[in-house]
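Trainee: Right, I'll just put the structure down here and ask away after.
The values are calculated or read from the model by the stated rules, or taken from the named source; none is laboratory data. All values reported here derive from a predicted model rather than from experimental measurement. Virtual Cβ from ideal backbone geometry, glycine too; neighbours counted across all protein chains shown.
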Amino acid sequence: MTLLVQNGTCGYSAAHPVLQNINFSVEAGEVLCILGPNGAGKSTLFKSMLRLIPMLGGALMIDGEDTKDWPRSRLAQTIGYIPQATSPPFAYSVSDIILMGRTAYLGMFASPRKEDIDIAEEVVDKLNISKLLDKRYTELSGGEKQLVLIARALVQQPQILVMDEPTAALDFGNQQLVLRQISLLSQQGLGIIMASHFPDHAFLYSHKALLLKDGGIYSIGNPGDVITEESLCDLYSVSTRIINTGVYSKTAQAEVKVCVPLS
């Protein structure tokens, strides 16, 4: 499976696009981390890929096929979306939240079938969150909520996961909990595209990094090559030192680098 964004133009008005000439691909089992300052267009790119807003130009291709005429149900069965954890207006149970991921396979007003429930149970076991099923989603911690949203996306049985800042507002422990799941899912063959504000996450968990700035791609490639002290200064206007820790990461297949802001 290959996802390709080809000459993408994204935004809310053709006269004032947010992003132009966006080109990148993601293969099965790859993690692509998208970095950029606030307002760089990360969420706009995701909305365009998911057809929440129209793509103003270019194409989203899956295995060489343009998705512009795909039914929404087919797109949802191929690409799972995991937003930042939020609290819904109703206190849904965790079970109900997860089963909502089967909507793309159900007719209007249809109830989940045994097949849908079995798939949800399999995903819950895989993520080891069965202890949460009897709780209300609104009662969960931030990390638990994010795992439930990952479960909801996985029951769609997608080939690609799009994750909008999956560790936003999470404490250090919950960040690691979610990031470990992202790594495991990529090892199981899912292609993952995630936006982040933490260059360290790209070093640790991604195979490629895409840097956005000024309405386009600043750089794309191996995280160790494109995330540099110079590029971080250009993107975020801060001085940063990148330090090689000497610790080996199986995920990155390299020694781990960390970013240290300089005062």
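Trainee: Quick one: which residue in Leu179, Leu212 is among the hydrophobic types (A, V, I, L, M, F, W, C) and either more than 24 Å from Val18 (Cβ to Cβ) or touching a Pro at 6+ places or on another chain (Cβ under 6 Å) (or both)?
Mentor: Numbers: Leu212 fails: either more than 24 Å from Val18 (Cβ to Cβ) or touching a Pro at 6+ places or on another chain (Cβ under 6 Å) (or both).
So the residue among Leu179, Leu212 that is among the hydrophobic types (A, V, I, L, M, F, W, C) and either more than 24 Å from Val18 (Cβ to Cβ) or touching a Pro at 6+ places or on another chain (Cβ under 6 Å) (or both) is Leu179.
Trainee: A follow-up question, please. Please enumerate the residues belonging to region 204-226 that are in contact (Cβ under 8 Å) with a residue 40 or more places away in the chain and either within 17 Å of the chain's Cα centre (by Cα) or under 23 Å from Ala28 (Cα atoms) (or both).
Mentor: Leu204, Tyr205, Ser206, His207, Lys208, Ala209, Leu210, Leu211, Leu212, Ile217, Ile220, Pro223
Trainee: Would you point out the residue of region 241-263, among those that are under 25 Å from the mean Cα position of the chain (by Cα) and among the β-branched types (Val, Ile, Thr), that is modelled with the highest pLDDT?
Mentor: Among those that are under 25 Å from the mean Cα position of the chain (by Cα) and among the β-branched types (Val, Ile, Thr), it is Ile242.
Trainee: Just need a number here: residues in region 146-178 that are part of a helix (DSSP H, G or I), more than 24 Å from Pro37 (Cβ to Cβ) and among the aliphatic types (A, V, I, L, M).
Mentor: Selection size over region 146-178: 8.
Trainee: Quick one: how many residues across region 200-223 are closer than 20 Å to Pro261 by Cα, at pLDDT below 95 and touching a helix residue (DSSP H, G or I) at 6+ places or on another chain (Cβ under 9 Å)?
Mentor: Final tally of qualifying residues: 5.
Trainee: Another question, if that's okay. Out of (1) among the acidic types (Asp, Glu); (2) surrounded by 19 or more Cβ atoms within 10 Å (Cβ to Cβ); (3) more than 23 Å from Ile242 (Cβ to Cβ), what's the single condition that is false for Glu165?
Mentor: In the conditions (1) among the acidic types (Asp, Glu); (2) surrounded by 19 or more Cβ atoms within 10 Å (Cβ to Cβ); (3) more than 23 Å from Ile242 (Cβ to Cβ), Glu165 misses (3) alone.
Trainee: May I ask you to list the residues in region 152-192 that are more than 13 Å from the chain's Cα centre (by Cα), among the hydrophobic types (A, V, I, L, M, F, W, C) and closer than 19 Å to Ala120 by Cα?
Mentor: Applying the first criterion (more than 13 Å from the chain's Cα centre (by Cα)) to region 152-192 yields 152, 155-157, 169-177, 180, 184, 187-189.
The next check asks that each one be among the hydrophobic types (A, V, I, L, M, F, W, C); those that pass are 155, 169-170, 172, 177, 184.
If the condition is that a residue be more than 13 Å from the chain's Cα centre (by Cα), among the hydrophobic types (A, V, I, L, M, F, W, C) and closer than 19 Å to Ala120 by Cα, then Val155, Leu184 are the ones that fit.
Trainee: Working only within region 119-138, note down all residues that are assigned to a helix (DSSP H, G or I), acidic (Asp, Glu) and either touching a Cys at 6+ places or on another chain (Cβ under 7 Å) or surrounded by fewer than 11 Cβ atoms within 10 Å (Cβ to Cβ) (or both). Step through it out loud before you land on a result.
Mentor: Step one: list which residues in region 119-138 are assigned to a helix (DSSP H, G or I), which gives 119-127, 130-132, 137-138.
After this cut, where a residue has to be acidic (Asp, Glu) as well, the list is 121-122, 125.
Within region 119-138, just Asp125 meets the criteria.
Trainee: Okay, next question. For the list (1) at pLDDT 95 or above; (2) under 23 Å from Glu121 (Cα atoms), I need the number of the one condition that Thr67 fails.
Mentor: Evaluating Thr67 over (1) at pLDDT 95 or above; (2) under 23 Å from Glu121 (Cα atoms) leaves (2) as the failure.
Trainee: Being under 30 Å from Ser13 (Cα atoms), among the small types (Gly, Ala, Ser) and out of contact with any Lys or Arg (no Cβ under 8 Å at 6 or more places or on another chain) is the filter here; which residues of region 206-246 pass it?
Mentor: Ala209, Gly215, Gly216, Ser219, Ser231, Ser237 - these are the residues of region 206-246 that are under 30 Å from Ser13 (Cα atoms), among the small types (Gly, Ala, Ser) and out of contact with any Lys or Arg (no Cβ under 8 Å at 6 or more places or on another chain).
Trainee: Just checking, does region 168-186 include any residue being small (Gly, Ala, Ser), in contact with an Asp or Glu (Cβ under 8 Å, 6 or more places away or on another chain) and surrounded by fewer than 23 Cβ atoms within 10 Å (Cβ to Cβ)? Write out each step before concluding.
Mentor: To start, the set of residues in region 168-186 that are small (Gly, Ala, Ser) comprises 168-169, 173, 183, 186.
Now drop any that are not in contact with an Asp or Glu (Cβ under 8 Å, 6 or more places away or on another chain), which leaves 186.
Within this subset, residues satisfying the condition of being surrounded by fewer than 23 Cβ atoms within 10 Å (Cβ to Cβ) are 186.
Scanning region 168-186, I find at least one residue that is small (Gly, Ala, Ser), in contact with an Asp or Glu (Cβ under 8 Å, 6 or more places away or on another chain) and surrounded by fewer than 23 Cβ atoms within 10 Å (Cβ to Cβ), so the answer is yes.
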